[in-house]
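Since the structure comes first, as structure tokens, the remarks are kept for the end.
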Amino acid sequence: MTIATDKIETRNLVAGEWTDSDGTIANVNPSDVSDILGHHAQATRAQLNDAIAAAQIAQKQWWAAGIQKRHDVLIAIGKEMMERAAEIGDIISREYGKTLPEGKVEVYRAGQFFTYYAAECLRQIGDTAHSVRPGIEIDVRREPVGVVAIISPWNFPVATPAWKIAPALAFGNAVVWKPANLTPASAAAMADIIVRQDIPKGLLSLLAGPGAELGQSLVEHRGVDAISFTGSVPVGRGIAAAAMASMTKVQMEMGSKNPMLIMDDAELDLAVAHSAGAAFGSTGQKCTAASRLIVHEAVHDAFVEKLAKAAEAFKVGHAMDADSQIGPAVSEAQLASNLAYVETGKSEGAELICGGGRVEARTEGFYMAPTVFAGTQNDMRINREEMFAPITCVIKADSYDEARSIANDSEFGLTAGIMTQSLARASHFRSNMRAGTLMVNLPTAGTDYHVPFGGRGASSFGPREQGQYAEEFYTTVKTTYQSAGEPA
Ligand code: NAD
């Protein structure tokens with residue numbers, strides 16, 4: 001067991017300097033409320049203005065520095081993150097409540113986004129064309145958009161900003177980053193790695209603060225050229241409206257209600273393992289969590305029985321204990337919301353199969369038992385609203401067609417999975433499921449770093465993130481017509 005006792009006081013990174021401010025917030029360990037990691041400064045409007053002004057200058061220097069420089073810096077950032085994955089992963093465990101392996105894997109993967117986009121810096125195959133008018137040549141090039149505002153949630157406090165900051169820098173932009181107020185210390189650790197590189201002062205600023213004030217000021221700031229947001233749908237809608245008003249480019253990844261279809265020909269034990277892992281991993285606080293398990297009636301009862309056993313077998317405990325498999329909810333408010341959803345499910349007539357309440361651990365924290373509801377209908381609130389909780393709901397279906405139709409009946413469309421041994425069904429699912437990311441015989445959670453990630457419906461808005469597709473958002477296209485002039 002390793003419990004860190006060091007204090008981590010965090011400041012804001014403004015125009016290349018770590019800067020204090022008057023207001024601070026305590027950073028509480030959700031596994032042990034007596035453990036205050038430290039305090040983190042809340043950025044002011046004046047600091048935001050300074051950060052954006054510095055970013056505008058730094059961006060031009062960074063773009064002028066060229067592709068080899070950008071490549072080398074991104075490689076160095078990625079390598080350091082991978083080397084320090086355990087150390088920074090510990091911070092994530094302590095301030096957020098992910099288990100130690102989950103925290104470490106997250107940071108390592110964040111490093112991989114930087115090394116991947118280092119390579120993308122060098123991929124410079126452009127487009128040329130002959131004009132329809134004789135004597136004129138055309139080329140089409142990509143240029144950076146400028147200053148990118150990055151707004152990230154608490155649930156992947158390092159990986160999510162990494163998959164935004166890495167392409168932003170690779171394609172020549174500057175970044176002003178507002179992390180979630182629940183996870184400032186891991187954000188500061190990553191910002192510190194970036195800012196210690198040989199980069200222009202102010203290329204990256206990190207400003208912590210409340211979303212409704214600081215975040216809103218950032219998205220409305222006229223010095224921002226593009227906004228990349230990951231978070232909840234209601235906040236995303238507000239950001240989209242602000243971006244439309246100022247004609248600012250915007251990209252958003254938001255919530256979901258990911259379905260997983262368990263068919264009558266599924267390998268049942270594998271289906272249970274994948275469902276439980278995707279539903280309860282990271283305490284259910286994943287946008288890709290399996291929250292609607294749509295199960296063929298032929299295997300329904302056996303599946304529910306095995307799923308309940310799997311859920312009850314998880315060891316819930318202090319995120320930094322080696323034997324913990326599920327940590328606490330991120331905050332008291334999140335736990336209260338989870339427990340309220342249990343009451344909602346019961347009042348809607350769902351059958352509580354297991355869990356549903358708090359769990360005692362060796363320290364006082366926001367622990368909750370993995371929870372399974374069965375006998376649920378797709379129109380219940382517990383199947384319509386993202387709970388972000390270790391709660392999953394089983395819906396019985398009488399056929400594949402019914403299961404897929406239930407799965408598609410949602411405002412969201414981030415990930416969707418099917419467990420089947422039929423190639424025909426898997427192919428049909430692939431063509432007819434309305435979601436941005438599909439999983440066949442795999443959990444709904446768990447994606448690679450080199451291919452696009454995103455959803456449909458209310459889950460995503462704007463160009464895709466990750467892989468080569470990120471270029472669309474982080475660059476703008478310029479078409480140049482050139483004539484050699486009159487021949488001499
Ligand atoms: P949230 O929407 O409350 O906050 C996200 C970020 O937006 C935070 O930094 C917050 O401070 C900021 N914010 C809040 N109000 C703002 C405003 N008015 N203007 C500008 N910024 C504002 O979300 P959260 O609770 O931090 O994270 C959980 C949500 O994130 C879930 O809905 C989850 O599905 C979603 N998520 C989605 C993905 C994805 O890729 N689709 C990945 C991870 C998390």
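What follows is calculated from the coordinates using simple rules that are stated; it is not laboratory data. Model, not experiment: these values are computed from the prediction. Reconstructed Cβ throughout: ideal geometry from the backbone, glycine too, with neighbour counts over all protein chains shown.
The one condition from (1) without any contact (Cβ under 8 Å) to a residue 24 or more places away in the chain; (2) surrounded by 24 or more Cβ atoms within 10 Å (Cβ to Cβ) that Ile91 does not meet is (1).
Just give me the residues in the stretch 117-140 being surrounded by 22 or more Cβ atoms within 10 Å (Cβ to Cβ) and in contact with a His (Cβ under 6 Å, 6 or more places away or on another chain), in sequence order. Correct list: Ala118, Cys121.
Can you name every one of the helices (runs of 4 or more DSSP H) wholly within the stretch 230-317 that holds 3 or more residues which are farther than 27 Å from Gly455 by Cα and not aromatic (Phe, Trp, Tyr)?
Ranges flagged: 300-313.
Within the stretch 236-254, the set of residues being near the ligand (Cβ under 10 Å from one of its atoms), surrounded by fewer than 24 Cβ atoms within 10 Å (Cβ to Cβ) and touching a residue at least 60 places away in the same chain (Cβ under 8 Å) comprises just one member, Gly236. Checking the stated criteria, Ile52 turns out to be touching a His at 6+ places or on another chain (Cβ under 8 Å) and more than 30 Å from Gly327 (Cα to Cα). Gln216 meets each of the listed conditions (1) over 21 Å from Met254 (Cβ atoms); (2) within 11 Å of the ligand (Cβ to nearest atom); (3) of a type in the set (S, T, N, Q) apart from (1). Taken over the stretch 213-229, residues that are in contact (Cβ under 8 Å) with a residue 60 or more places away in the chain and not in a helix (DSSP H, G or I) amount to 8. Against the numbered list (1) within 14 Å of the ligand (Cβ to nearest atom); (2) in contact with a Gly (Cβ under 6 Å, 6 or more places away or on another chain), Ser228 comes up short only at (2).
Within the stretch 1-24, being within 25 Å of the chain's Cα centre (by Cα) and under 23 Å from Ser282 (Cβ atoms) holds for Ile8, Thr10. Here Met247 does not fit the description of being under 20 Å from the mean Cα position of the chain (by Cα), closer than 30 Å to Tyr474 by Cα and not basic (Lys, Arg).
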